[in-house]
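Heads up, the thing below is written out as structure tokens.
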């Protein structure tokens, strides 16, 4: 079946601001009218023309999604758990409508609710679980009729909002209509994910449908696969905020990769080719599986792909709504874990180094398709609902270079865990779309599948799922060099660490200057004649003072007792990016990112050597320093006097020791008899820490400038800050 978007331009939309479209009848013409599957461009034309276009796209998406649920045979089917790791379909039926209302409220674009209870219960729980974190919680789900009534009210509200909201072109990230596009594309995502869950339901829970039952009828033996060459070169992944096609936050930013020449399989792995792995005992041979993969095998008791069934002498294949004789020439539907194991087995059989492609390698292959949705006239692959409501033969859709199915049919797993690109920014209205997947446990797949529409079907889409997850996903293997080292920029979620990152690199609060920067500025003002060979930053925490010292010294050693803290600047140094989440209130957080480039440290980062270390027990190699900065450290040491005696020997003659501290002596850190000050002396007089420092440093050191007060603010939550004043003193070692 081929549907052209030109056939649907006359589809009626609501006549009045509060009149939703009636549900489509199940006749061929009406069903065809729902297949407006190309995402709407964010520029071009007039504002009012664009408003009508988006209104049309919204209604068609809303109706197409509802038509999918007509495939359920009864109300009871809404409550069946198609997968033990996901919610029943009643959740997804209402979730996409709830999303519109919740996001419009979050963005402060509306101040009304339709059903607060539903908008809470159907909002969270989309991401599939792992088999070791099953959720057996009882849910009081609404009835399908209640959800349908809610969807009708949502349709009317969103229709009215589209007609009346401010709109200027191009539509940008912070514009009101962006939230509408977000809701539409979100529903397009769940059109696909819900179809997968229906495919996992028992056959008696689904029923024939005039649109969704139009599956491919071409089944045959599998073609013999082979490897074809792909020329390497530079690949740019990501797009700018000026791109005319809507994108999710994870698509924005840009990174360049150098891809070496490699070979890729001509076809996607077919059911016939995968059968060879099964017959070779692939599912029972431990050596082919990763530890994660073998754990999944033990949990699922898997012996074949989830959509296969062995019935006596034959294998059967489950489409969304029916079971058919095995189409050996269709692509195999696989998890990443199965795909990985297949590559291990295939490598052993062929003697070649076979694996899944990286995201960058897939993009290099994608250059053999010279168009992108929404610009093509006809899809260059089984995608965008332009052909069949199922997969089709792997040797049907040929592209340049002799490859087939570069896009479409089934998603293609890659070896790349999802992460934000350079310049990644969380969208404030949907701050948990991507960030929960930046955990090294979600891999990117590319290319789309037969039901991928809207943003799902564009070249720059970046979707990732857990490696045991079933989507309409399969694989293409490559013969290529070793995988590049993966460096994940996972968000730092530890509150204490995030507070320090914000303290060092984040915003200034209440007009108080950045503390580490201010301290080093003061240090250098008294050290203008000092040699600039080596500096030591003790108690460097998250490292801002270390990078600042590197602006002035040839080499900086930076040590902190806390491995958790020292990991942050190490990450920033190695990857150029540090992401973290700071607490707003309760469980609410704000996601932030700092970069070396933005801080101006790219040219000095390699001068710094970050290490975990104990200031009271420094290895002998840490010596010969022109300046030592001990920032807010002295009152947190278990042996401050021992530290003073040790550090004396590590500073060059004429060198400077700079010590900052608010002198907050606590017995939790330092036994009281080891405090340097903050107590009554034997004479009964007050004895300050500054006096104690002078006493401990004599006769080797002398104060060279009056101490200065350096204030700082640590943000604990959005409405709670800790304001402190440290004293910074300067001591010079006598020649």
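Remarks
- Förster radius 60 Å - calculated FRET efficiency between residue 597 and residue 691, Cβ distance, rounded to 0.05: 0.85
- Semi-axes of the equivalent ellipsoid for the range 95-252, Cα gyration tensor, largest first, Å: 33, 28, 18
- Remark: spin-label model distance residue 240-residue 623 equals 5.5 nm, labels positioned 7 Å along the Cα→Cβ axis.
- If a spin label sat at a point 7 angstrom from the Cα of residue 314 along the line to its beta carbon, the backbone N atoms of the range 223-252 nearer than 20 Å would be those of 223.
- When each of the peptides 716-723, 113-120, 373-380, 588-595 is scored by how many other beta carbons lie within 10 Å of its residues on average, the order from highest to lowest is 588-595, 373-380, 113-120, 716-723.
- What the pair-distance distribution of the range 212-295 shows, using all Cα-Cα distances binned every 5 Å from zero, is 3, 9, 10, 10, 12, 15, 18, 16, 6, 1, 0 percent.
- Rg/Rh (Cα only; Kirkwood hydrodynamic radius) as it applies to the range 425-470: 0.99
- Peptides 212-223, 356-367 ranked from most to least packed by the mean count of surrounding Cβ atoms within 10 Å: 356-367, 212-223.
- Isotropic mean projected area of the C-alpha convex hull, the range 252-398 (nm²): 11.5
- Protection proxy ranking for 461-468, 652-659, 103-110, using the average of other Cβ atoms within 10 Å per residue and placing the highest first: 461-468, 652-659, 103-110.
- By the Cα gyration tensor, the range 260-335 has an equivalent ellipsoid whose semi-axes, rounded to whole angstrom, run 22, 19, 12 from largest to smallest.
- Reported to the nearest whole Å, the Cα centre-to-centre distance from the range 375-418 to the range 507-582 is 50.
- Inter-centroid distance (Cα atoms) of the range 65-93 relative to the range 631-676, Å: 64
- In terms of Cα atoms, the Rg and Dmax of the range 621-735 work out to 15.1, 50 Å.
- Between the range 424-455 and the range 208-259, the alpha-carbon center distance in angstrom: 14
- The range 561-687: radius of gyration and largest Cα-Cα distance (Dmax), Å: 18.6, 56
- Both the radius of gyration and Dmax for the range 495-733 are 17.6, 56 Å, in that order, over alpha-carbon atoms.
- Spin-label pair residue 255-residue 210: with each label point 7 Å from Cα along the Cα-Cβ axis, the two points sit 4.8 nm from one another.
- Convex hull volume of the C-alpha atoms in the range 672-735, normalised per residue: 133 Å³.
- Ranking of 570, 234, 562 by count of other Cβ atoms within 10 Å, fewest first: 234, 562, 570
- Value at 222 nm in deg cm²/dmol, rounded to 500, when DSSP H runs of n ≥ 4 in the chain each add -39,500 (n - 2.57): -8500 deg cm²/dmol
- Note: the range 350-395, Cα convex hull, 131 Å³ per residue.
- When all alpha carbon pairs of the range 529-586 are counted in 5 Å bins from zero, the resulting P(r) reads 4, 18, 23, 21, 15, 9, 5, 2, 1, 1 %.
- Taking all Cα pairs closer than 8 Å and separated by 6 or more residues, the relative contact order of the chain comes to 11 percent.
- Stokes-Einstein diffusion of the chain at 37 °C, 0.692 mPa s viscosity, Kirkwood radius from Cα pairs, rounded to a whole number: 113 µm²/s.
- Residue order, fewest to most surrounding Cβ atoms within 10 angstrom, among 643, 669, 62: 669, 643, 62
- Virtual spin-label span in nm between residue 641 and residue 112, 7 Å along Cα→Cβ: 7.4
- The range 641-685 - Kirkwood radius from inverse mean 1/r over Cα pairs (Å): 12.9
- Distribution of pairwise C-alpha distances over the range 312-431, 10 Å bins, in %: 11, 30, 36, 19, 4, 0
- Residue-span extension gain [residue 79 to residue 146] - 0.36 nm each, minus C-alpha spacing: 22.7 nm
- Shape class of the range 167-263 from the Cα gyration tensor (axes a ≥ b ≥ c, square roots of the eigenvalues): oblate, since a/c reaches 1.5 or more and a/b does not exceed b/c.
- Percentage, to the nearest whole number, of Cα pairs in the range 400-538 over 23 Å apart: 57
Readers should treat all values here as calculations from the given coordinates under stated rules, not as data from a laboratory. This structure is a prediction, so every number in the text was calculated from the model and none was measured. All Cβ positions, even for glycine, are placed from backbone atoms using ideal geometry, and neighbour counts span all protein chains on display.
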